[in-house]
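The values are calculated or read from the model by the stated rules, or taken from the named source; none is laboratory data. Computed from a prediction, not measured in an experiment: that's the story for all the values here. Glycine gets a Cβ as well: all are built from the backbone with ideal geometry, and neighbour counts include every protein chain shown. The area values use the complete protein model at the heavy-atom level, side chains included, leaving out ligands, DNA and RNA. Shrake-Rupley method; radii C 1.70, N 1.55, O 1.52, S 1.80 Å.
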Amino acid sequence: MKKILSLILLSCFFVAFPIFAQSDDELFGGDDDMLFGGKAFSESGSSSDDALFDDDDLFSDDDMFTDDGIVESSTQSKDKVSSDLSKGVLFQNGSIKIGGTFNLGMTTYTVFKDDWSFGESLKNTFLIPKADGQFTLDARPSENLRLYAKTGIHYPYLTEANASMLSLAQTAGTVMMASYTGGISDLSANGVLQNLFYVKELFSDFNFGDNVSFRFGKQTVSWGAGYFYSPADVINVTKIDPENPTNQLEGPLALRSQIVFPGTQNALWIYAIPDTEYSVSDVGAGTYLRDTALAAKGDILLGDWELGIGGWYKYHKSPRLMLTATGTIFRNYGIFAEGVVAFGKDNVKENQWTDDYSGNRDLVWQGTIGFMRYWKNQNITFAAQYYYNQQELYVENTKGKEVTYAFASGDNHGHNLAANLSFGKVLISSLSASIFGMYNFTTQNGLASASLTYSPRNQFSVGFGPYMMFTKDNSPKVAARFEFNLGSGKF
């Protein structure tokens with residue numbers, strides 16, 4: 001069974017490539033510009049550093065509401081205001097919009113092992129339910145001020161029993177003890193903090209004139225250009241998941257300054273990012289000022305190409321310089337590339353700047369290049385990306401025992417390749433398919449998956465396909481995966 005599923009998946013992955021010899025339309029034309037969410041490239045084919053938070057969009061990552069849902073109270077009649085209350089809550093100088101998304105469904109994995117019969121595999125099928133929600137508030141009390149918040153909750157939730165006021169009081173008491181010097185991660189590991197909900201973003205936008213704007217608060221930062229990998233993105237708290245590259249990343253608390261050069265579309269971005277490891281002292285909870293990271297990047301528009309050059313610095317971390325580029329070639333291929341050089345390595349174990357304890361500050365390189373292609377008539381999308389990461393693992397000899405630790409990004413060091421092929425329509429409009437694969441040629445680890453999805457309604461879909469994982473020392477692990485969307489939606 002495992003060998004049959006492996007052959008089916010690999011055959012689909014490689015046989016699909018001849019499709020690309022067909023005639024095609026322009027990559028970013030008409031209503032089909034929304035290639036991978038529509039934020040990767042502008043109509044000119046260039047990338048926007050702040051595409052995720054375009055000031056023309058009401059929401060930072062989802063165009064959930066159109067602009068005609070925002071009304072100015074000073075120009076509306078009573079009847080018009082009443083009809084618009086369903087679209088937003090009005091107040092004196094602006095409007096407020098409240099929305100959200102529900103992600104509801106289930107995924108099952110049936111793993112086929114060499115020493116298991118088919119019946120045993122079915123008996124040990126793994127079920128992953130999903131019942132997540134995000135809630136968004138976008139307020140514009142004045143022309144010069146925007147207040148934005150996005151919160152959410154993940155399944156499984158706390159019950160009334162384990163979310164009692166007593167446990168919360170104990171949590172607050174523990175955190176505020178002057179003797180407590182741990183960080184947020186220590187509290188979570190010890191079960192002290194209970195995740196009632198999470199804050200995805202919470203920030204304020206305000207302007208100084210027409211060419212200078214600021215944003216302060218927790219925010220997702222659009223820093224790199226990569227799709228599956230982005231080594232230039234050293235600011236966001238989480239990294240891109242190659243299997244779900246369009247998911248919004250979690251960003252840090254930061255002060256962002258944007259300076260637009262008059263008469264051009266060129267801009268300078270400056271970030272100040274406080275450390276995320278908090279401690280408690282006599283003056284309250286906070287971080288050391290010396291641990292605040294500083295980053296700056298300039299974006300230059302040259303025809304259909306956008307170039308970015310930037311730098312990043314943090315105490316006890318290796319400084320970095322990065323170069324990004326996005327554009328189009330042959331009118332239809334969206335190209336993106338990143339290059340990063342670090343001065344030394346980050347020692348994760350000791351949280352210090354080092355280079356194999358040698359005292360030398362060697363240059364460490366990372367680079368990636370990829371492309372995206374959309375066939376409008378066939379409704380086919382293909383994306384591929386190569387990533388080289390010079391960061392390596394190192395071994396420390398402690399009392400005759402070797403212990404291996406990883407430098408930053410050491411989990412995908414070496415040569416990496418990821419690709420995704422998706423069919424928006426397979427014979428009928430309610431049937432779609434996708435094939436994904438990623439592989440590390442250095443560690444010889446990777447995975448591949450394929451899925452055929454039937455969606456008779458927007459609120460319901462079911463997908464099925466094989467899921468395989470490859471490791472250097474073991475034979476491929478094969479599973480059958482079912483994915484159910486059960487009423488997901490947004491408001």
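Name every residue in the stretch 456-475 that is surrounded by fewer than 18 Cβ atoms within 10 Å (Cβ to Cβ) and polar (S, T, N, Q), in order of residue number.
Across the stretch 456-475, the qualifying residues are ASN458, GLN459, THR471, ASN474, SER475.
So, PHE261, is that one touching a Gly at 6+ places or on another chain (Cβ under 9 Å) and of a type in the set (Phe, Trp, Tyr) or not?
No: the conditions fail for PHE261.
Of the numbered conditions (1) loosely packed, with under 14 Cβ neighbours inside 10 Å; (2) at pLDDT 90 or above, GLY191 satisfies every one except a single condition; which is it?
If we test GLY191 against (1) loosely packed, with under 14 Cβ neighbours inside 10 Å; (2) at pLDDT 90 or above, just (2) comes out false.
Identify the residue in the stretch 219-271 that is closer than 15 Å to GLN385 by Cα and β-branched (Val, Ile, Thr) and, among all such residues, is surrounded by the most Cβ atoms within 10 Å (Cβ to Cβ).
Restricting to residues being closer than 15 Å to GLN385 by Cα and β-branched (Val, Ile, Thr), the top hit is ILE240.
Out of everything in the stretch 103-152 that is among the aromatic types (Phe, Trp, Tyr) and part of a strand (DSSP E or B), what residue ends up being nearest to VAL212 (Cα to Cα)?
TYR148
Specify the residue that is modelled with the highest pLDDT; the eligible residues are those in the stretch 310-346 that are on the phi > 0 side of the Ramachandran plot and either among the hydroxyl-bearing types (Ser, Thr, Tyr) or open to solvent by 20 Å² or more (accessible area, probe 1.4 Å) (or both).
Here the answer is PHE330.
Of (1) open to solvent by less than 30 Å² (accessible area, probe 1.4 Å); (2) in contact with a strand residue (DSSP E or B) (Cβ under 7 Å, 6 or more places away or on another chain), PHE197 satisfies all except one. Which?
Failed condition: (1).
In the stretch 208-267, what residues are in contact with a Phe, Trp or Tyr (Cβ under 9 Å, 6 or more places away or on another chain), part of a loop (DSSP other than H, G, I, E, B) and among the aromatic types (Phe, Trp, Tyr)?
The answer is TRP223, TYR227, PHE228, TYR229.
Name the single residue, out of those in the stretch 421-455 being within 19 Å of LYS376 (Cβ to Cβ) and more than 25 Å from the chain's Cα centre (by Cα), that is surrounded by the fewest Cβ atoms within 10 Å (Cβ to Cβ).
In this case the residue turns out to be LEU427.
Do the conditions hold for ILE259, that is, is it touching a strand residue (DSSP E or B) at 6+ places or on another chain (Cβ under 8 Å), aliphatic (A, V, I, L, M) and closer than 23 Å to LEU307 by Cβ?
Yes: the conditions hold for ILE259.
When only residues in the stretch 348-368 that are open to solvent by less than 30 Å² (accessible area, probe 1.4 Å), under 16 Å from VAL234 (Cβ atoms) and among the polar types (S, T, N, Q) count, which is modelled with the lowest pLDDT?
Only one residue tops the list, namely GLN366.
Could you check, for the stretch 393-416, whether at least one of its residues is more than 22 Å from GLN444 (Cα to Cα), modelled with pLDDT of 95 or more, open to solvent by less than 80 Å² (accessible area, probe 1.4 Å) and in a strand (DSSP E or B)?
no
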